[in-house]
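> Sharing a structure with you now.
The values are calculated or read from the model by the stated rules, or taken from the named source; none is laboratory data. These numbers come from a predicted model, not from an experiment. Reconstructed Cβ throughout: ideal geometry from the backbone, glycine too, with neighbour counts over all protein chains shown. Heads up: the accessible areas ignore ligands, DNA and RNA and are worked out on the full protein's heavy atoms, side chains in. Shrake-Rupley method; radii C 1.70, N 1.55, O 1.52, S 1.80 Å.
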Amino acid sequence: MRAIVALLHDRTSRARLAEALRGRAGVTFCATGPELLAAVAAHPAFAAVVELSAGAAPSATPLIRTLRDRFPSVPVLAYCGALTPGAAREIHHAARAGARELVLRGDDEGTRLRAAVARAAQDELAALVDRRLAPLLPADVRAVFRQALLRADRPIPVTALARRIGVHRKTLAGRLARGGHPAPNRIVGWCRLLVAARRLEDPRRSVERVAAELGFASGSALRNMLRRYTGLRPADVRAAGGVEPILRALERSLERALLRAGSP
């Protein structure tokens, strides 16, 4: 099971975090920044939680920046015990350093905390996909992928996706077709598979559970879509590292499309 790695000094905050994630993720607590960095390197960390400093305590910003530099695929959540003027400045610096979500004490209970972790992970996945597709797609097409990824936990109609981009559905479809890029519904499909693959990295999550979480009609519907797009089975995805085999399949698909578009 992938772990949440956390640097929290307060015993009560640790207990609240562990309870909120019970049954969903393991939590490894650390006492220092170097210990946290070592834990993220040693564990298949799903996310890192860093407590923001208060008063005269050293800023957490350098640690957050180091985490982002060394482990760009691990989302960082900033944890704040109380909203003081000093904490407000620290929150601003933490966001600039790369923290994806802010968790306030009082918001660290069950559903809200798990939602914050999920948002941070999905945003991190969108950033990873954007980096990988940069050599193959222009920025405006990558923006379509990003919008689809950020909403891939439920089926998103092409009309709604186009609205997020700020264009009409037909305009979006025409623009993608003229560039030889995947159709909007195909982009939505790839993005849903990427999110499914991320969740399949947790060995305790069955295919049926992932399918239900993402609004597929059944586990078979998810399996069939995965096979149509990639030729892979869920077991292949797990064995090859989750997101990585889906990304490679997407890259190959885009490369073939570019070759076709360049053919006379």
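> Regarding residue 13, is this residue among the hydroxyl-bearing types (Ser, Thr, Tyr), open to solvent by less than 20 Å² (accessible area, probe 1.4 Å) and either within 17 Å of the chain's Cα centre (by Cα) or modelled with pLDDT under 85 (or both)?
Taking the combined requirement at face value, the residue satisfies it.
> Could you please let me know if residue 235 is within 20 Å of residue 151 (Cβ to Cβ), small (Gly, Ala, Ser) and loosely packed, with under 14 Cβ neighbours inside 10 Å?
no
> Okay, moving on. Run down 127, 120, 95 and say which single residue is part of a helix (DSSP H, G or I), open to solvent by 40 Å² or more (accessible area, probe 1.4 Å) and either closer than 30 Å to residue 18 by Cβ or β-branched (Val, Ile, Thr) (or both).
None of the others qualify; the one that does is 95.
> Name the pairs: first residue in segment 24-53 and within 12 Å of residue 3 (Cα to Cα) and open to solvent by 60 Å² or more (accessible area, probe 1.4 Å), second residue modelled with pLDDT under 85 and in a loop (DSSP other than H, G, I, E, B), Cβ to Cβ under 6 Å, at least 6 apart or on different chains?
Every condition considered, the pairs that remain are 44/2.
> Would you mind finding the one in 64, 4 that is assigned to a strand (DSSP E or B), at pLDDT 80 or above, surrounded by 21 or more Cβ atoms within 10 Å (Cβ to Cβ) and β-branched (Val, Ile, Thr)?
After applying the criteria, what remains is 4.
> So which pairs qualify, if the first residue must be in segment 146-172 and hydroxyl-bearing (Ser, Thr, Tyr), the second must be open to solvent by 30 Å² or more (accessible area, probe 1.4 Å), the Cβ gap must be under 8 Å, and the two must be at least 6 apart or on different chains?
Short answer, once both residue conditions are applied: 159/169.
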